[in-house]
């Protein structure tokens with residue numbers, strides 16, 4: 001729901017970019033200007049940090065009283081996972097990296113399809129809802145291992161906030177120094193997802209006939225920077 005709300009609120013200004021992995025892939029494949037990337041990514045990380053701070057403020061009493069006043073990163077009474085993702089005890093770093101790459105690959109693969117004016121797409125204005133449902137499907141299918149972050153900003157900024165807010169540096173060392181996996185994995189997976197779509201689908205579109213219109217194509221925008229993920 002947070003993703004859907006964010007796209008609807010910011011879509012008309014920035015295209016609804018709230019994920020560095022999406023923004024990077026969009027730049028690499030010519031869907032967004034590189035000059036925008038530093039500003040988008042900076043805003044994404046700042047926004048995620050602010051969101052974590054707001055959540056902490058709202059639930060401060062609950063968090064500080066849950067485990068006898070202790071803010072724990074691991075264990076039965078851990079609360080750090082409310083803010084960032086952490087791996088299951090059985091998960092290796094290699095498996096965790098593959099997990100994040102694959103999840104974000106699927107995300108970008110479908111996002112590219114949604115905003116391809118020569119594909120079926122979705123009715124204009126419903127893109128945020130479809131993307132929100134897409135995230136639910138991916139997270140429900142692949143979230144068991146480590147929570148399925150798929151977004152470097154959504155994971156790293158709240159993790160940094162928890163380190164400063166009382167959980168300590170353990171938020172970075174937990175899970176055999178797992179913290180970098182939800183940062184690097186989605187960036188790699190996003191590029192792979194975009195590349196697969198371009199190579200398998202986009203470059204094989206037939207050249208459009210300017211005199212031929214279908215019901216599906218009449219209302220489609222040529223290109224759209226609207227894109228997001230969690």
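The values are calculated or read from the model by the stated rules, or taken from the named source; none is laboratory data. All values derive from a computational prediction rather than experimental measurement. We place every Cβ from the backbone using ideal geometry, glycine too, and count neighbours over all the protein chains shown.
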Is there a residue being modelled with pLDDT under 90, touching a helix residue (DSSP H, G or I) at 6+ places or on another chain (Cβ under 6 Å) and buried (at least 22 other Cβ atoms within 10 Å of the Cβ) anywhere in the stretch 9-28?
yes
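For (1) modelled with pLDDT under 95; (2) in a loop (DSSP other than H, G, I, E, B); (3) in contact with a strand residue (DSSP E or B) (Cβ under 6 Å, 6 or more places away or on another chain); (4) under 30 Å from residue 204 (Cβ atoms), each residue gets a yes or a no:
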| position | (1), (2), (3), (4) |
| --- | --- |
| 69 | yes, yes, no, no |
| 104 | no, no, no, yes |
| 156 | no, no, no, no |
| 165 | no, no, no, no |
Does the stretch 124-152 hold any residues that are in a loop (DSSP other than H, G, I, E, B) and touching a residue at least 12 places away in the same chain (Cβ under 8 Å), and which are they?
124, 144, 145, 146, 147, 148, 149, 150, 151
Scan 108, 120, 55 and give me the residue that is within 25 Å of residue 196 (Cβ to Cβ) and either modelled with pLDDT of 95 or more or in contact with a strand residue (DSSP E or B) (Cβ under 7 Å, 6 or more places away or on another chain) (or both).
108
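Matching residues to (1) more than 21 Å from residue 27 (Cβ to Cβ); (2) buried (at least 16 other Cβ atoms within 10 Å of the Cβ):
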position: 80; (1), (2): yes, yes
position: 99; (1), (2): yes, yes
position: 107; (1), (2): no, yes
position: 144; (1), (2): yes, no
position: 147; (1), (2): yes, yes
position: 150; (1), (2): no, yes
Please give the number of the condition residue 225 fails out of (1) in contact with a helix residue (DSSP H, G or I) (Cβ under 9 Å, 6 or more places away or on another chain); (2) modelled with pLDDT under 95; (3) assigned to a helix (DSSP H, G or I).
(3)
Any idea which of 51, 42, 47 is touching a residue at least 24 places away in the same chain (Cβ under 8 Å), under 15 Å from the mean Cα position of the chain (by Cα) and surrounded by fewer than 17 Cβ atoms within 10 Å (Cβ to Cβ)?
47
Does the stretch 173-200 hold any residues that are more than 13 Å from residue 151 (Cα to Cα), surrounded by fewer than 19 Cβ atoms within 10 Å (Cβ to Cβ) and touching a helix residue (DSSP H, G or I) at 6+ places or on another chain (Cβ under 7 Å), and which are they?
176, 192, 196
Within the bounds of the stretch 43-66, is there any residue that is closer than 19 Å to residue 108 by Cα and either in a helix (DSSP H, G or I) or in contact with a helix residue (DSSP H, G or I) (Cβ under 9 Å, 6 or more places away or on another chain) (or both)?
yes
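Name the one entry in 95, 119 that is in contact (Cβ under 8 Å) with a residue 12 or more places away in the chain and either under 23 Å from residue 188 (Cβ atoms) or buried (at least 19 other Cβ atoms within 10 Å of the Cβ) (or both).
Selected residue: 95, the only one of 95, 119 that is in contact (Cβ under 8 Å) with a residue 12 or more places away in the chain and either under 23 Å from residue 188 (Cβ atoms) or buried (at least 19 other Cβ atoms within 10 Å of the Cβ) (or both).
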